[in-house]
Amino acid sequence: TQFANKNSNKTAQDQPKLYDYTLPSIMRALQIFILLLHTSCILIIHGASAVSDEEQNSDHYRRPAWRKEDYPNPEISPSICRTSSNRICDPDGILIDVERNQLVEKIVSVEEKYNVHCDNEKVPIQVTVAMANRVDLIPYGPYEDREEKAVKDFTVYLHNRWGVGVDSKCGGTGIVFFLSILDRSLYVSRGKSLEDILTDKRLDRMIEGIKTELRKKDYAKAINTFVDEVKNYLSSGPPTKEEKAQDMLETLIPLFFFSAIIAAAIFKARREQREARNYAQVVSQLSQLDRNHAEALQGRYQCASCPICLESFQAEEGEERVTHGSDGQPLKLLRCGHVFDETCWSEWVTSGSGNVRRCPICQQDIGTNSNEESSLVENHTERLDDQDRVFRQFNRERNFRLVRLGVQFPQYVGQTQIQRWASSTYEGELVRDPSFTRNNPRFRYNQNSGGRTFGSSAFGGGSSGGGRGSRW
């Protein structure tokens with residue numbers, strides 16, 4: 001009762017008005033409605049776009065594919081070709097009536113104005129345009145270029161079956177332009193008598209020039225542009241010397257780059273082979289030094305190759321002991337016991353690489369006469385029976401050979417490596433040293449695409465003499 005009395009005492013001024021609640025609610029509802037409407041529009045647009053793309057991709061499989069044997073002949077079935085002229089056949093209705101009529105008018109005007117000269121005679125030309133949504137690709141298998149092959153065969157078949165052009169002494173005078181829309185391919189078949197005017201290069205330029213309109217699906221404009229180009233080339237005649245030179249240049253430039261790539265590949269392959277061969281030689285020399293090191297520790301080391309050129313000595317037939325150098329001349333034996341090829345020794349001392357009176361390896365004085373040198377060599381041989389002396393002698397020779405390897409193969413043996421390998425504290429295998437194995441060429445190289453009726457003559461029995469095609 002107390003609560004009721006309190007509420008009853010409230011004045012009308014204290015009571016909330018209805019619009020205090022309804023106006024904000026309506027505004028919020030309106031905002032939400034606008035937001036939902038905006039979102040729905042975006043979804044509808046994207047959904048329509050996605051459906052359109054999906055339909056376009058599936059059109060190729062939903063629409064019937066034309067077999068070349070079933071494609072209508074405009075002379076026999078003009079109604080199926082959607083025209084009263086035999087200069088165009090559009091059974092799938094890719095163009096509208098106005099576009100087809102305008103195109104026929106242009107073709108007829110070109111045929112009436114231009115001819116082909118053959119044996120001092122004027123032979124009329126004939127131009128026909130055919131198009132389809134798609135052609136049958138099944139006979140061409142799952143190959144990447146099957147569309148181009150199918151469209152080419154389709155166009156040549158129509159040209160020969162319809163007999164477009166006049167079959168003159170110089171060859172056919174017909175031109176057949178065929179489009180396969182969903183296959184995104186086209187082909188132009190021309191009669192043999194037109195080869196001198198509509199050359200392959202010109203056809204390529206004509207096809208390339210209409211690809212932009214084809215990509216925009218402006219097929220009428222693309223075909224009209226093509227017919228205009230045919231008219232221009234028929235008017236100008238065969239290519240001039242300047243045009244031929246330009247065509248030749250356009251052909252030679254890609255050929256030049258292709259040849260350069262092949263030459264670079266061959267050069268690279270030969271360089272890799274040469275480097276691999278040189279690396280193998282260094283591996284062989286280092287392995288031999290490791291073996292010789294083991295033999296020297298046992299006091300059994302014998303020099304078997306020239307320390308300067310690193311080539312193996314030769315032994316005479318029937319003898320085990322080497323007596324001649326790699327040059328075929330008797331060995332050059334110095335009083336210190338070191339031995340060289342005679343040719344290498346002569347070049348060494350005459351080129352200024354070394355002192356003629358000192359051994360290149362141990363730097364001992366060898367400036368004595370031949371008799372004294374012979375006796376000193378004998379005495380030195382006796383002294384070398386000492387195992388320690390043999391090892392020290394080998395170490396000097398080993399270090400000299402490492403230096404010579406660095407001179408001959410600096411890309412594999414560097415000064416830092418030589419200093420480290422020549423150290424008395426180095427005990428590893430030379431051929432397995434990481435600083436050497438990382439220079440292996442094989443390891444380095446591995447790291448390292450309902451219209452009006454127009455008058456037109458019947459086909460004259462012409463045939464295809466070739467042509468050009470492409471995809472867009």
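List of remarks:
- With every protein chain in place, region 77-216: carbon and sulfur % of accessible area (1.4 Å): 46 percent
- Taking 26 Å as the limit for the C-alpha separation, the pairs Lys217/Lys244; Lys169/Lys221; Lys113/Lys201 exceed it in the case of Lys217/Lys244; Lys169/Lys221.
- With a cut-off of 11 Å between beta carbons, the residues surrounding Phe459 carry a summed charge of 0, where Lys and Arg count +1 and Asp and Glu -1.
- Simple label model, 7 Å out from Cα along Cβ direction - Ser457 to Ala264, nm: 5.5 nm
- Within straight-line cross-link reach of Lys149, lysines at Cα separation under 19 Å, skipping those fewer than 8 residues along the same chain: Lys68, Lys211
- What region 183-340 shows is 57 Å² of accessible area per residue, with the surface traced by a 1.4 Å probe over protein heavy atoms.
- Chain lengthening between Asp145 and Thr323 when straightened (0.36 nm per residue, less Cα-Cα): 57.1 nm
- Residue-by-residue Karplus 3J(HN,Hα) for region 391-398, coefficients 6.51, -1.76, 1.60, Hz, glycine and proline x: 5, 5, 4, 5, 4, 5, 5, 4
- Under 10 Å, Cβ to Cβ, from His338 - net charge with Lys/Arg +1 and Asp/Glu -1: +2
- Compared with the alpha-carbon gap, the fully stretched path from Phe33 to Ile80 is longer by 11.7 nm at 0.36 nm per residue.
- Among beta bridges that DSSP assigns inside region 119-255, antiparallel share in %, nearest 5: 50 percent
- Packing-based order for 303-310, 286-293, 426-433, using average beta carbon neighbours within 10 Å, highest first: 303-310, 286-293, 426-433
- Coarse-grained scattering of region 82-208 at q = 0.17, 0.19, 0.21 Å⁻¹, given as base-10 log I(q)/I(0) from a Debye sum over alpha-carbon atoms: -0.94, -1.13, -1.30
- Solvent-accessible area per residue in region 399-446 equals 60 Å², computed with a 1.4 angstrom probe and all protein chains kept.
- Gain upon complete extension [Arg215, Arg438; 0.36 nm per residue less C-alpha separation]: 75.0 nm
- Taking amide H as placed 1.01 Å from N in the peptide plane, the amide H of Val135 sits under 5 Å from that of Trp66, Asp183, each at least 5 places away or on another chain.
- Local electrostatic count, Lys221, Cβ distance below 14 Å [Lys/Arg +1, Asp/Glu -1]: +1
- Residues whose placed amide H lies under 5 Å from that of Gly467, excluding near-sequence neighbours: Arg190
- A simple spin-label model places the labels of Ser235 and His117 1.8 nm from each other, with each point 7 Å out along Cα-to-Cβ.
- Ranked by solvent-accessible area (1.4 Å probe, protein heavy atoms only, all chains present), the residues Glu229, Glu147 order from largest to smallest as Glu229, Glu147.
The values are calculated or read from the model by the stated rules, or taken from the named source; none is laboratory data. Computed from a predicted model, the values in this text were never measured in an experiment. Note that we place each Cβ from the backbone using ideal geometry, even for glycine, and neighbour counts take in every protein chain shown. For accessibility, only protein heavy atoms count, side chains too; no ligands or nucleic acids. Shrake-Rupley method; radii C 1.70, N 1.55, O 1.52, S 1.80 Å.
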